Structures are given as structure tokens and as C-alpha cells.
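First up is the structure itself, then whatever we jot down about it.
The values are calculated or read from the model by the stated rules, or taken from the named source; none is laboratory data. This structure is a prediction, so every number in the text was calculated from the model and none was measured. FYI the Cβ positions are ideal-geometry reconstructions off the backbone, even for glycines, and counts take in every protein chain you see. Protein only, heavy atoms only, side chains kept; ligands, DNA and RNA dropped before computing areas. Shrake-Rupley method; radii C 1.70, N 1.55, O 1.52, S 1.80 Å.
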Amino acid sequence: MDTSRPCKRCRQRTLVPDDVTGNMVCTSCGVVQDFDNFQAHIGGITGPAGTYVRVGTAGTGSTYNYKENKIYEAQKLIGDFMFKLGLSRSKSDEVKVMVETVTEGEYGQGNWFPVLIGACAYVVMRKDKKILPIEEVTDLVGCDVYELGRMINRVVDFLDLKLPEFDIVNSLEHVIRKYPMFNRISEDVVQRMLKQGVFLMQCLIKWFLTTGRRPMAVVAAVLVFIGELNQLDLKIEVVAKELHVSVVTCMRRYKELLVRLVKVAQALPWGEDVTVKNIVKNAPNVIQYMEMKSMSQFGQKGKRFEHVGFDMMEVVVGCLSKETEYGVDSHTTENCAAQYFGANHQSPMRIEHPEKFQISTECLAMIYSKFLDEVPLLKATSERSNDKKRKRAGSFDLHACTDWWKGKSDLSKKLLLKQVFEKDVGLDASPPSFDRGCLVYARRREKIKASKLRIQKIMHPLVPDAGDGNDICASKHIKSGKKQVDIDWEDLIIETLLLHNVKEDEIEKGHYNVLLDLHVFDYGNV
């Protein structure tokens with residue numbers, strides 16, 4: 001009965017095996033010995049299951065090798081990403097098949113593998129024309145947009161796929177319907193915002209504000225603007241955070257939208273007074289003008305404001321009338337006028353020749369006395385209206401004109417790109433990059449002209465027509481101590497290139513380093 005191993009408690013060598021469990025039990029103190037029933041399973045991975053769970057097993061006692069463990073962890077990571085992205089079961093299976101195809105069944109480990117999973121998820125959704133913002137994928141994967149974009153290009157080239165064009169209008173609709181910031185809004189307001197957003201987005205497409213830009217930043221700018229139109233408190237910082245885009249980029253797109261609307265407003269009679277600061281208050285009239293413009297025939301001329309949807313005479317009279325200034329009820333005013341002059345709506349007084357109209361002094365005295373009796377009532381009504389006006393002065397109600405949005409234009413629906421460019425919205429704008437490029441070219445031409453005049457003045461100082469090149473040089477200056485020099489480094493480079501007989505057309509392009517290597521620092525001829 002004695003064994004070579006003592007009891008862990010009493011240190012007696014009186015250990016016997018238990019008949020049921022097989023564990024060693026001390027007959028002296030009755031303590032069961034730990035880890036005494038270990039059995040080594042030698043015979044391969046197909047042996048019976050052990051008592052304790054071991055690392056690397058599937059639960060039946062079999063052990064994974066390196067490749068099987070790598071595949072298991074990779075599929076687990078894919079499933080976790082698909083769940084966080086909210087993809088369906090069928091889309092998740094497509095992503096798994098695509099990852100397996102790209103890696104040729106080897107899957108992978110490391111920092112590049114999550115990027116590959118995100119790229120395959122984006123390609124699967126983009127291939128079926130579903131919306132999956134690339135910013136959302138990068139936020140989940142933990143990389144930047146450029147790294148994920150390069151991986152997407154590699155996947156597309158490897159599988160020889162042709163993805164459809166990105167639909168920014170569908171992205172706008174997806175954001176409005178999906179994100180929780182719009183769940184507290186009624187369905188009617190959501191539908192109106194959706195139509196307004198689609199209208200403005202397709203106007204931005206026509207104005208080239210979406211060309212070469214990150215689409216979700218444009219979507220954020222449109223959301224903030226239509227939120228202001230519908231009196232919703234949407235902060236651009238909050239919207240940018242929800243869409244995983246930069247706040248600075250969203251603010252730039254928002255400013256570009258306001259600038260374009262200000263240019264459209266210049267066609268209105270009060271357009272000169274519309275600026276970026278007050279365009280939101282004038283937006284109902286501007287958008288109504290754009291909507292009615294888009295409903296007219298493209299290229300139709302000679303019709304300006306008669307189809308805009310409001311009577312210009314009514315607007316002017318309403319702004320200049322005493323009713324708007326003092327708040328007097330128009331119905332009361334009409335009744336007073338009818339009472340004084342004996343007129344009514346059925347038989348209004350018509351004076352065909354006002355210069356021949358005569359009235360007696362008795363009638364004038366009677367009318368004046370009636371007017372004096374009505375003055376206290378008019379004053380009381382005016383005071384009440386002024387009080388209401390002061391209460392409303394602190395806020396601007398965009399819904400004062402309740403019917404400014406009709407939603408009848410075709411631009412409120414999704415159109416093809418060709419159809420969008422065929423619509424007239426009151427402004428035909430060129431891309432912002434093209435406008436900036438034209439300004440840069442014009443500035444370089446002025447610099448070239450100024451450099452030529454300076455060179456001519458130095459080479460021919462006695463010629464009176466040489467002029468002063470400093471008068472038309474660039475606006476940037478270099479201050480050297482207390483002396484201000486009107487020539488910067490770009491002017492010096494242009495002068496050097498002109499002295500080496502470089503063509504002006506080549507200098508206007510601005511590739512100074514290339515031109516200096518070709519014409520000035522020509523090391524091949526040294």
C-alpha cells in the first residue's frame with residue numbers, strides 16, 4: 001500500500017487509488033491528491049478525448065496544425081468584421097469566397113489581412129450597387145483611405161472586375177434613412193428633406209462640385225444645409241463624425257455650396273444684397289427659382305421671373321406697405337376704406353379721370369370725423385401687432401412661406417448624368433479646379449510680362465518705352481530688413497528661363513524644376 005510519493009497534507013506514504021474516479025486518496029487523512037489521474041494519449045490526433053481542455057483543440061480532442069489554426073482565426077476575423085459592418089449572410093459568404101480566391105486558400109495573418117477583408121467587403125457591395133462608405137470601412141479596419149484604396153485596386157485587378165460608378169445620390173439617401181440623427185424626425189419631414197437633398201446634390205453634380213472630391217464630405221455639407229432649411233439643429237462637426245470624414249473638408253464643401261447659391265441669386269432683383277452670410281435666409285426664394293428654372297425648357301430665353309412662382313409686384317408692394325411695417329390687418333383696412341368711401345368688393349369705386357373727381361367739404365368733414373373715431377382701434381391693433389413682431393424679431397422662420405418648396409422638378413428624382421446636365425438651374429459653372437487654374441495661368445502671364453520688361457530695361461536702359469516691370473509684378477513681396485523687394489523667387493526663375501530662350505507657353509505651365517533641368521542645369525553637355 002505504501003508508495004514512493006507522500007501525501008501532500010500529512011506526508012504519510014499511505015496513498016491508494018479510488019475505485020470510482022481512479023484518483024489517489026490518502027488513507028490516513030482522506031485527502032484526494034490533485035493531478036494524479038493524468039493519462040498521456042499517445043497515438044495521434046484521433047485518440048480519445050482527455051479530461052482537460054488543451055490549447056489548439058476543436059473540442060473533440062483533435063489538435064490543429066499551423067495552417068488549420070491560421071484558417072480558423074482568419075475566418076473568425078472575417079465573420080467579426082462582417083457583423084460590425086452589418087452585412088447579410090449572403091454578402092458575408094461572398095466576402096469569404098473572395099478572400100479565399102485572392103489568397104488562393106492560404107488566407108493570412110498580419111496587419112495587411114484586415115485591410116484585405118475591408119477591400120473585399122467594399123468590392124462586393126460596390127459590385128451589387130450597394131452603399132458601403134469607404135470611410136466606415138477604414139474606421140473599422142484601422143487604416144487610412146489611401147491604403148484601403150490601393151488594396152481595392154489590387155483586388156479589382158487580380159479578379160479582373162469592372163465596378164460601377166459611385167452613386168453619390170444613393171449615398172445621400174442611405175445616410176438620411178440609416179443614421180440615427182434622423183430617427184426623431186417625422187416621415188413627412190424626412191421625405192421633404194430627401195427630395196431637397198437629391199435636388200441640391202444633382203445641382204452640385206451639374207456645377208462640378210463633386211468632381212474629384214470625397215463624396216461623403218459633399219453629402220455632409222448637403223445634409224447640414226437642408227437641415228438648416230428645415231430648422232433642424234445639425235452641427236457640421238456631429239455630421240462629420242457620424243460619416244467618418246474630416247470636419248475641415250466638410251466645411252470647405254459647405255462653403256462652396258453657399259458660394260454657388262449666391263451666384264444663382266444674382267439673377268434675382270435683390271441678388272446684389274445676397275451674400276454667403278445671408279444666403280440661408282434667402283435660400284427658399286433661390287431654390288424656388290432654381291426649381292422653376294429646371295422645369296422650363298432648356299435654352300429657352302426671354303423668360304426671367306414670370307414663371308418663378310411668385311408675383312414680383314406683390315412682393316414689392318408687400319415689402320413697402322404699411323401692413324407689413326405696422327402689422328395692421330388687411331381685412332380691417334379694406335373695411336375701413338370701404339366704409340369711408342362707400343365701396344365694396346361687389347361694386348368698387350372706379351375713378352377713370354382722377355383729375356376731374358370733385359368732393360364737397362361736407363363729405364370731407366364727415367370722412368375725417370369717421371377716421372378720428374377709428375384711430376383708437378387702429379392704434380390698439382397696431383400696438384398688439386408690434387408686440388408680436390418684437391417677439392418674432394429674434395428668430396427667422398423659414399416656414400413663413402409655407403409653399404416655397406414644390407418638389408415637382410425632375411431634379412428631385414434621381415436622373416442620369418446626361419439628363420442632369422440638360423437641366424437649367426440658373427447657373428452654368430465650371431469646375432473650381434479649372435477656375436483656379438485659369439487664375440494661376442493669368443498670374444504667371446503677368447509675371448512673365450513683368451520679367452520681360454525688367455530684362456529689357458536692364459539690357460536697353462536708354463529705351464524710354466521699356467517701362468517699369470515692378471508695376472505689374474506679383475502681389476507677394478519679400479521683406480529684407482526695412483527695404484521691401486517686389487521680386488520673389490518665382491520671378492527670378494522666370495527671368496532665368498527667359499534668358500535661356502524658354503518659350504512662354506512652357507513657362508506658363510509652371511513646371512519650373514523640369515525646365516531648369518532641361519535648359520539651365522543641362523548636365524549632359526558638361
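What does the extension gain come out to for V97 and K509, with contour length at 0.36 nm per residue minus their alpha carbon separation?
Working: separation 412, 0.36 × 412 = 148.32 nm, distance 4.85 nm.
Gain on stretching V97 to K509: 143.5 nm.
Over the Cα atoms of the stretch 60-109, each weighted equally, I'd like the Debye log10 I(q)/I(0) at q = 0.13, 0.20, 0.32 Å⁻¹, rounded to two decimals. Taken in order of the listed q values, log10 I(q)/I(0) reads -0.34, -0.70, -1.19. The order of the peptides 160-167, 173-180, 91-98, 5-12 by mean Cβ neighbours within 10 Å, most packed first, is 91-98, 173-180, 5-12, 160-167. I want the local charge near V124. Using Cβ-Cβ distances under 9 Å, sum +1 for each Lys or Arg and -1 for each Asp or Glu among the other residues. Charge balance near V124 sits at +2. Extension gain, S296-Y179: 0.36 nm per intervening residue step, less the Cα-Cα distance, totals 38.6 nm. Here the label points at S90 and L159, each 7 Å from Cα along the C-beta direction, are separated by 1.6 nm in the simple model. On the beta carbon distance between R150 and H244, with R0 = 22 Å, the FRET formula returns roughly 0.75. With labels modelled as points extended 7 Å from the Cα through the Cβ direction, what inter-label distance (nm, one decimal) is found for E187 paired with K406? Label at E187, label at K406, 2.7 nm between them. Evaluated at q = 0.17, 0.21 Å⁻¹, a Debye calculation over the C-alpha positions of the stretch 61-204 (equal weights, vacuum) places log10 I(q)/I(0) at -0.98, -1.29.
An ellipsoid equivalent to the stretch 193-251, defined through the eigenvalues of its Cα gyration tensor, has semi-axes of 17, 16, 7 Å when rounded to whole angstrom and sorted largest first.
For E446 and L232, what does the FRET efficiency come to when R0 = 51 Å and r is the distance between their Cβ atoms, rounded to the nearest 0.05?
Numbers: r = 47 Å, r/R0 = 0.92.
The formula returns an efficiency of 0.65 here.
Compute the accessible area per residue over the stretch 76-158, keeping the other protein chains in place, probe 1.4 Å, unit Å².
On the way: 4290 Å² over 83 residues.
Here the residues of the stretch 76-158 average 52 Å² of exposed surface.
With 5 Å bins beginning at zero, the pair-distance distribution over Cα atoms of the stretch 179-293 amounts to 2, 11, 23, 24, 21, 13, 5, 1, 0 %. Between V280 and S430, full extension at 0.36 nm per residue minus the direct alpha carbon distance yields a gain of 51.7 nm.
Working note: Karplus 6.51/-1.76/1.60 with θ = phi - 60° gives the stretch 134-147 the couplings 5, 5, 5, 5, 5, 5, 6, 6, x, 9, 8, 5, 5, 5 Hz, where Gly and Pro are set to x.
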